[in-house]
Structure formats: C-alpha cells, structure tokens
Amino acid sequence: MPTNETPPTPGDARAPAADGRPADGPDRARQWSPVGGAPGGVGALLVLADGRFPAGGHAHSGGAEAAVAAGRVHDAASLEAFCRGRLHTAGLTAAGLAAAAAAGLDPLALDDAADARTPSSALRATARRLGRQLMRAARATWPSPELDALAAARPRGAHQPVVLGLTARAAGLGPPDAAYAAGYEAVSGPATAAVRLLSLDPFDATAVLARLAPELDQVVARAADAARRALDEGPGALPAASAPLLDIAAEQHATWSVRLFAS
C-alpha cells in the first residue's frame, strides 16, 4: 500500500532512545522476516543454536541437577514436565530479551531488565558468566561494533539472553531467530544434562525435545510479538514470567560442595 512516508536513507544509523527503544532505522522491517529469512540465513541460526558452539552451556544443567536431586525429575515423563515449565517461564523471558536485543533495543537497558526479571542472585551470576563466555565466542565468530561496545560496558558479563540476541543481530539474524535460539536452549540444556544425571536413554531425551517443539513455536511467537511492542513501549513490554521453584533450587544448588554442573 502506498504511503506518504519518506524511505530511510541507506546506511542511516540512529542511536537508541533514552528508554532503550531504538529509533527507526533502515533495517527495522528487515529484522522481522520469517525465521531463517534474514540475511544470516538458516546456516547462521544452526551455528548459534548448536550445542557445540563454545558458549559454555555444556557446563550448566538449567536447574535439572537440583530437580533430579529433589526427585522432581526421575524419568522421561518428569523431564518433559520440567522442560515444559521451564520453557514457558524462564525460556519465554529469555526469548523475549534475546528477540528485543536482536531487534535493536539498547542492550544496556535490556541488561537492567534482565536483572529485574532474575530474583535469584545465583541465577544472575550464572547468566553473566554465560554471557561473558558467549561474548568471547560471538566476537570471534561474528565481529561486531555492537558486541564490542557491550563487552566494554559490561566487562564482567551481560546477561546471556541479551548477548545471545546481540549475537544473532551480528550474525544477520532477526528477532524470531534469536527467540528460537534462546527458547531451544532453555529446554535442550536440561534434556542433555538429564542424560548424564539419570543415565537416561538419549533417544528418550531427544523425543522430549521433539514433543515440545510445537510449544517452542508458541513461545517464540509470544516473545517476538513482545519484542515488536517493546520497540514502541520499551523493555517493560517484554515477558517477565517467573519460576520461583527454579530460583529456590538455584540458590540451594549454589551451596553444594560437590556437583556435576555449575548450575
């Protein structure tokens, strides 16, 4: 449909607003292309979401170790219930933050928003450690001035979902791609950890992830929609789903003298 708006000048870059919202820029519409349709393509998304990407996630169980010790996760069915709960709470929150960072919201404002959404000090520390590790891998893989700026502003690490979204942006991916990477990580980490913690059949763990795939699609859609609204409303529009039991378990897990996973 024709409009009276003047198209942006190629190469025009404008600073984010004071509340973290980006000014309209030339790539704003491009970033909402279907998953894999952004310039980075499906290949870049696969690299970013690959569990072998050296971002440090293999050392963390996503709360599964504490859940196994408490008896809440003991087989494939209970693992699926745990991952489903994690996907719709911590996963949705992480996916929203990642999508917003990929959309161009101010990463420092998003980092503050992530802090506000993470009541557990143990989980805040974990998120920043993982963010620092991901930042190292991201800057080596997809060099970007935006990544450099965030690394300088947060030398001890920004929250991992924020770094993930900015990494997706550097790789030429859009907000839905970033949300998929964050949401998938929220369930794949615990599923992989359960194989080691319970000697669970890897086929059963993979089947859990496959059964959760339609719900992952739903979470990504909610996260991407929230990120779109955050462009106009600021980070307050992003999901803030809570999982108190994950927070409590993380605080307990951090006190263990012997554990298989860092978190």
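The values are calculated or read from the model by the stated rules, or taken from the named source; none is laboratory data. No experiment lies behind these values; they were computed from the predicted model shown. Positions of Cβ are backbone-derived with ideal geometry, glycine not excepted, and every protein chain shown enters the neighbour counts. SASA here: full protein model, heavy atoms, side chains in, ligands and nucleic acids out. Shrake-Rupley method; radii C 1.70, N 1.55, O 1.52, S 1.80 Å.
Please work out the FRET efficiency for the pair ALA137 and ASP75, using the Cβ-Cβ distance as r and a Förster radius of 41 Å; give the result to the nearest 0.05. So the FRET efficiency works out to roughly 0.75. Within the shell of other residues whose beta carbon sits under 12 angstrom from the beta carbon of ALA179, the net charge comes to -2, with Lys and Arg scored +1 and Asp and Glu -1. Just the protein heavy atoms count here, and of the accessible area of segment 80-175 at 1.4 Å, carbon and sulfur take up 54 percent. For segment 206-263, the solvent-accessible area with a 1.4 angstrom probe is 53 square angstrom per residue. Summarising the label geometry, the points placed 7 Å from Cα in the beta-carbon direction at SER257 and ALA210 lie 4.4 nm from one another.
Scoring 190-200, 144-154 by mean Cβ neighbours within 10 Å over their residues and listing the highest first yields 190-200, 144-154.
Scoring 224-230, 89-95, 62-68 by mean Cβ neighbours within 10 Å over their residues and listing the highest first yields 89-95, 62-68, 224-230. Taking every Cα-Cα distance in segment 42-253 and sorting them into 10 Å bins from zero, the calculated P(r) comes out as 10, 38, 38, 13, 1 percent.
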